[in-house]
Amino acid sequence: MKKRKFPTAQTILLIIAALVALMTFIVPAGKYDTLSFNSADNTFIRAGLDHQKTLPVTQKTLDELGIKIPLEKFTSGDIWKPINIPGTYKNLGAKPQGIVALIESPIKGIIEAADIIFLVLVIGGLIGIMNLTGAFDAGISWLAKTLKGREFVLIIAVTFLIALGGTTFGLAEETIAFYPILIPIFLAAKYDAMVALASIYIGSSIGTMCATTNPFSAIIASDAAGINWTSGITNRILFFVLGTTICIIYILVYAKKVKKDPSKSIIFSQKEAIENHFGNTTNASITLTNRLRLILFVFTMCFVIMVYGVSVEGWWFIKMTSVFLVGSVLIGFIGKIRESQFVDTFVKGAGELLGVALIIGIARGITVIMEDGLISDTMLYYASNLTSGMNKGIFINAMLYIYGGLSFFIPSSSGMAVLTMPIMSPLADGVGIGREFIVNAYNYGMGLFAFISPTGLILASLAIVKVGYDKWLKFVIPLVLILLFFTMFGLTISVYM
């Protein structure tokens, strides 16, 4: 009997999209009114589905609406998205999303996610150019010799540095650029591709989960909750240190087992295919010339500039993509690549990541179905009602699970913050705990679910590494359970201290 293969990432997402479309026939439609700041004429705009009203930009307006957020958070641009207004949820006429909406959703998602999709395609082109120059092979050969006997340092360094980027400035989508670069290095160190995937993706996930100064989660959520972003930061720093340590140890234990006996690899059946896809990682005869060193320097500087731009200058996808595009052209000049060969190679490299781009678009399409079907706010409304009458220990753990569940439907951390915090954070007042605990539960709930959420970044990451979702779940579920118990214990202790 022929063994049935696990569905591809694209198929998984299309199945989820169909189930979400079905939910719009079952879940009642509803919506909160929203409030946004219009800097052009210095007014607030209160908007419902079929009405819009201009309000004065005063603290009194916020107080009357029950929004416990300082006025300057809006006027300074800290909160730039429309926020939900507490107590304004209304049931609306059903807007079920049928077969036409389901068919259109991936296309709408691709259009909405065009910024990150172009980043992925340009990175694919850059990787193609780098492979053509031979700089990768030479650099990997050099690194393999340098780290011989100390390959575990690679795991610790990559996981910690990416986690640090996640906790400080929200390094997440940008990590897609690291897979084609780092996987050959890990393979050269005699690890499997799962170790590389784990070091990058788990590093990013634990970092964003335990966000400290991340403006896209901890800071915007604190602002939307009406508290200073430093409230609760001690708890998040402690969770970051302990959580990252747990993750590194977990990866190291698996990596040591695979290095000792490659047949113990979860993806051992794909070993040869993955190594062929990512090139020859055992060629030690390639010389690292000065030209190749310069190419590697330019390539590295692309990432340094990207990290600086995102963390300091507030760059987003257009500027990040431009950096990689310029880097590709510079490397083409240094490598003396002919114009026609450069274009052909760049296009072919971009084509290698086209499947990843489609996954990102299809995932975004699921959000489009929920928004058009008006069920996202309904989920939030009923989730907020679940916690009434709970003691604070049960309450904070319920919030952890609620945010984990909501993140399936609202995978954007900043989107989740501005939509839910005005509704959820006042619930803390009723059970006698600080609102910073709601912010922390939001961070930990979203972060934990991101390890496995098919509507997040994991399927796009797996598509690059050529690893199935079922193999990833087999690898990561024990770690998720360890982190879940650790988080529940830590949250429970913290609300009683």
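The values are calculated or read from the model by the stated rules, or taken from the named source; none is laboratory data. Only a predicted model underlies this, so the values are computations on that prediction, with no experimental measurement involved. Cβ sites come from the backbone with ideal geometry, for glycine too, and all protein chains shown count toward neighbours.
Tabulated data for the structure shown
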quantity: The range 2-29 - residue that is part of a loop (DSSP other than H, G, I, E, B) and β-branched (V, I, T) and, of those, modelled with the highest pLDDT; calculated: V27
quantity: Number of positions in the range 76-91 that are touching a strand residue (DSSP E or B) at 6+ places or on another chain (Cβ under 8 Å), polar (S, T, N, Q) and either assigned to a loop (DSSP other than H, G, I, E, B) or closer than 15 Å to V418 by Cα (or both); calculated: 1
quantity: Test for E174: is it closer than 20 Å to G128 by Cβ, acidic (D, E) and touching a residue at least 24 places away in the same chain (Cβ under 8 Å); calculated: yes
quantity: Qualifying residue in the range 198-205 (condition: outside any helix (DSSP H, G or I) and either of a type outside the set (G, A, S) or on the phi < 0 side of the Ramachandran plot (or both)); calculated: no
quantity: Tally of residues being assigned to a helix (DSSP H, G or I) and aromatic (F, W, Y) across the range 172-197; calculated: 2
quantity: Some residue of the range 260-271 being polar (S, T, N, Q) and either touching a residue at least 24 places away in the same chain (Cβ under 8 Å) or not in a helix (DSSP H, G or I) (or both); calculated: yes
quantity: Residue satisfying condition, being among the aliphatic types (A, V, I, L, M) and under 24 Å from N443 (Cβ atoms), within set A189, A193, A157, A172; calculated: A172
quantity: Set Y401, Y382, Y496, Y442: member being crowded, with 19+ Cβ neighbours inside 10 Å and either of a type in the set (F, W, Y) or under 29 Å from I116 (Cβ atoms) (or both); calculated: Y442
quantity: All positions within the range 122-171 that are hydrophobic (A, V, I, L, M, F, W, C), surrounded by fewer than 20 Cβ atoms within 10 Å (Cβ to Cβ), part of a helix (DSSP H, G or I) and touching a residue at least 40 places away in the same chain (Cβ under 8 Å); calculated: W142, L143, F152, I156, F160, L161, L164
quantity: Lone qualifier among S328, S340 - being in a helix (DSSP H, G or I), at pLDDT 80 or above and touching a Leu at 6+ places or on another chain (Cβ under 7 Å); calculated: S328
quantity: Set I202, I274, I267, I251: member being touching a Cys at 6+ places or on another chain (Cβ under 6 Å) and over 30 Å from L71 (Cβ atoms); calculated: I202
quantity: Selection from the range 30-59 of residues that are outside any strand (DSSP E or B) and of a type in the set (A, V, I, L, M, F, W, C); calculated: A40, L49, V57
quantity: Boolean, M424 is in contact with a Phe, Trp or Tyr (Cβ under 8 Å, 6 or more places away or on another chain), of a type in the set (A, V, I, L, M, F, W, C) and surrounded by 23 or more Cβ atoms within 10 Å (Cβ to Cβ); calculated: yes
quantity: Out of F485, F475, sole residue that is without any contact (Cβ under 8 Å) to a residue 12 or more places away in the chain and either in a helix (DSSP H, G or I) or not aliphatic (A, V, I, L, M) (or both); calculated: F485
quantity: Residue match in the range 96-108 (condition: closer than 30 Å to Y250 by Cβ and either assigned to a helix (DSSP H, G or I) or among the polar types (S, T, N, Q) (or both)); calculated: no
quantity: Of all residues in the range 72-103 being under 15 Å from A225 (Cα atoms) and among the charged types (D, E, K, R), the one that is surrounded by the fewest Cβ atoms within 10 Å (Cβ to Cβ); calculated: E72
quantity: Residues of the range 160-177 classified as within 15 Å of the chain's Cα centre (by Cα), within 21 Å of Y254 (Cα to Cα) and of a type outside the set (G, A, S), total; calculated: 1
quantity: Close pairs (8 angstrom Cβ cut-off, 6 or more residues apart or separate chains): among the small types (G, A, S) and at pLDDT 80 or above in the range 54-81, surrounded by 15 or more Cβ atoms within 10 Å (Cβ to Cβ) and in a loop (DSSP other than H, G, I, E, B) anywhere; calculated: G66/I85; G66/P86
quantity: Residue that is farthest from N440 (Cα to Cα) [pool: residues in the range 220-236 that are in contact (Cβ under 8 Å) with a residue 24 or more places away in the chain, not hydrophobic (A, V, I, L, M, F, W, C) and not in a helix (DSSP H, G or I)]; calculated: G226
quantity: Failed item in (1) surrounded by 14 or more Cβ atoms within 10 Å (Cβ to Cβ); (2) more than 29 Å from the chain's Cα centre (by Cα); (3) outside any helix (DSSP H, G or I), with L292 passing the rest; calculated: (3)
quantity: Any pair with Cβ under 6 angstrom, 6 or more apart, that starts in the range 417-436 at a residue that is over 14 Å from A218 (Cα atoms) and modelled with pLDDT under 80 and ends at one that is surrounded by fewer than 22 Cβ atoms within 10 Å (Cβ to Cβ) and not hydrophobic (A, V, I, L, M, F, W, C); calculated: V431/K392
quantity: Matching residues in the range 427-436 - criterion: being surrounded by fewer than 24 Cβ atoms within 10 Å (Cβ to Cβ) and not in a loop (DSSP other than H, G, I, E, B); calculated: L427, D429, G430, V431
